[in-house]
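The values are calculated or read from the model by the stated rules, or taken from the named source; none is laboratory data. Keep in mind that what you see is a predicted model, and the values were worked out from it rather than measured. Reconstructed Cβ throughout: ideal geometry from the backbone, glycine too, with neighbour counts over all protein chains shown. For the accessible areas, the whole protein counts, side chains as well, though only heavy atoms, and no ligand, DNA or RNA atoms are used. Shrake-Rupley method; radii C 1.70, N 1.55, O 1.52, S 1.80 Å.
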Amino acid sequence: MFTHTKAFSGFAVDDIERAKDFYHRTLGLRVTEEHGLLTLHITGGTEILVYPKADHTPATFTILNFPVDDIDRAVDELAGRGVRFERYEAFAQDEKGVFREEGPAIAWFTDPAGNVLSVLQER
């Protein structure tokens, strides 16, 4: 039924203006707004819908992963832009908040609505 349909992902935030500022100014994504909804334009033509939800509860899982070539440079740059990296007891993270033990090196952070995002570098 959906073999020729373009699908897209979406997630909720509690404040569209704060989300717009964060995704555009802090993360550097192209963001458009129409009818009170945001669209994040990701490299490769991917579009992600961001919608307001008054009773928003932040996702407790990673909703967006951003692959990077150099995780240390990405973490430093984001930290310089005011991003605070999350720490999780279950993971041995270094002083920057990067988990490097298995799989890709990964560091988690949140958007202003508390949704979990990450930067990750394949080995």
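Taking the condition touching a residue at least 12 places away in the same chain (Cβ under 8 Å) and open to solvent by 80 Å² or more (accessible area, probe 1.4 Å), does K96 pass?
Here the answer is no, as K96 does not meet what is asked.
Condition check ((1) within 19 Å of H24 (Cβ to Cβ); (2) outside any strand (DSSP E or B); (3) not hydrophobic (A, V, I, L, M, F, W, C)) across all residues:
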site	(1), (2), (3)
V75	no, yes, no
G82	yes, yes, yes
I106	no, no, no
L117	yes, no, no
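Residue-by-condition table, conditions (1) touching a Phe, Trp or Tyr at 6+ places or on another chain (Cβ under 8 Å); (2) under 25 Å from A74 (Cβ atoms); (3) at pLDDT 95 or above:
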| position | (1), (2), (3) |
| --- | --- |
| K20 | no, yes, yes |
| R25 | no, yes, yes |
| L29 | yes, yes, yes |
| E33 | no, no, yes |
| T39 | no, yes, yes |
| I42 | no, yes, no |
| V50 | yes, yes, yes |
| K53 | no, no, yes |
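Here is a yes/no grid of residues against (1) in contact with a strand residue (DSSP E or B) (Cβ under 6 Å, 6 or more places away or on another chain); (2) surrounded by 13 or more Cβ atoms within 10 Å (Cβ to Cβ); (3) on the phi < 0 side of the Ramachandran plot:
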{"site": "K6", "(1), (2), (3)": "no, no, yes"}
{"site": "G10", "(1), (2), (3)": "yes, yes, yes"}
{"site": "D15", "(1), (2), (3)": "no, yes, yes"}
{"site": "R25", "(1), (2), (3)": "no, no, yes"}
{"site": "R30", "(1), (2), (3)": "yes, no, yes"}
{"site": "E34", "(1), (2), (3)": "no, no, yes"}
{"site": "L38", "(1), (2), (3)": "yes, yes, yes"}
{"site": "G44", "(1), (2), (3)": "no, no, no"}
{"site": "H56", "(1), (2), (3)": "yes, yes, yes"}
